[in-house]
Structure formats: structure tokens, C-alpha cells
Amino acid sequence: MKRRLYRLHLFTSGLRVFGDAIETVALPWGLLKATNSLVSVGGYALFTHLPWVLLPPLLGGTLDRTTKKVRLAFLALLLQSFLAVLIVPISSNLWAFYLIVSGISALDILHHYYGFSLVASMSL
């Protein structure tokens, strides 16, 4: 059973990395095609990386004390996929696009930090 869970986690992690790579290219490219502005692509880069700078120092202690790390990582992944689907119809509004990208990036922090708890729970 543990080997099956590990393979499933490895497969889904591989899909996630593949999706992140596509997102890294497709979103700025689509934004550039829609706006013809490099400033908007710079704003995308800012709003993508801002949660990685601000949230870990602010929420790190609180999140480390939580006992439901695996559930939190799974919930973050579900919310992240919902926001990724939501970004398509809202992409015409630049500020809404930036906020959704920030939300996806913030949830990515939770999944990156606590996704490893899932692997640790499978090995026990």
C-alpha cells in the first residue's frame, strides 16, 4: 500500500512540475500577446514572487505548529487548481489577473512546504 501511495505521489508531483513549467511560459506569453506591454509581464513577475518574499516570514511559525499539514497541502493544491481554471475568463482584467496569480503563488508555498509531509507520512 505504501509503495502504491508513493508511486501515486511521484506521478502527481511529476504532473505538477510539468504544469508549472507550462504555466511559467504560457502565462507571461499570453499576457504579452494580450497587452503588448513588457511592464505587464514585469507586474506578473512581481505578483508571482511577492508572496514568496512576504508570506514565509509572516506565517511560518503559525503554519509549523499546525497538525494537519497533509490536509493543508492537499487543500492548497485543490484551491490552486481552482484559481488556475478561474484565471482564463478573468485574464482580460489585468489587476484581477495579478491577484489570482498571487493567490496561486501563495498556495504554492503551502504545497511546497507541506507536500513533503505527505511523503513522510507514507514512509511511517
Summing -39500 (n - 2.57) over every DSSP H run of at least 4 in the chain, dividing by its residue total and rounding to the nearest 500, the 222 nm mean residue ellipticity is -33000 deg cm²/dmol
Relative contact order [Cα under 8 Å, 6+ residues apart], region 2-123, whole percent: 35
Using the beta-carbon distance between Lys68 and Leu10 and R0 = 22 Å, what value does 1/(1 + (r/R0)^6) give for FRET efficiency, to the nearest 0.05? 0.45
Among Ser40, Val88, Leu59, pick out the residue whose Cα is farthest towards the positive end of the charge dipole of region 2-123, where Lys and Arg carry +1 and Asp and Glu carry -1 on C-beta, about the Cα centre. Leu59
To the nearest 0.05, what FRET efficiency results for Lys33 and Ala96 with a Förster distance of 22 Å applied to their C-beta separation? 0.80
Which value, in debye to the nearest 20, describes the size of the charge dipole of region 2-123 about its Cα centre when Lys and Arg Cβ atoms bear +1, Asp and Glu Cβ atoms bear -1, and nothing else is charged? 640
At 7 Å along the Cα-to-beta-carbon direction for both Ala21 and Leu78, put a label point, then send me their distance in nm to one decimal. 2.9
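Each reported figure results from applying straightforward, stated rules to the coordinates on display, with no laboratory input. Quantities reported herein were computed from a predicted structural model and do not represent experimental measurements. Heads up, the Cβs are rebuilt from the backbone with ideal geometry, glycines too, and the neighbour counts pull from every protein chain shown.
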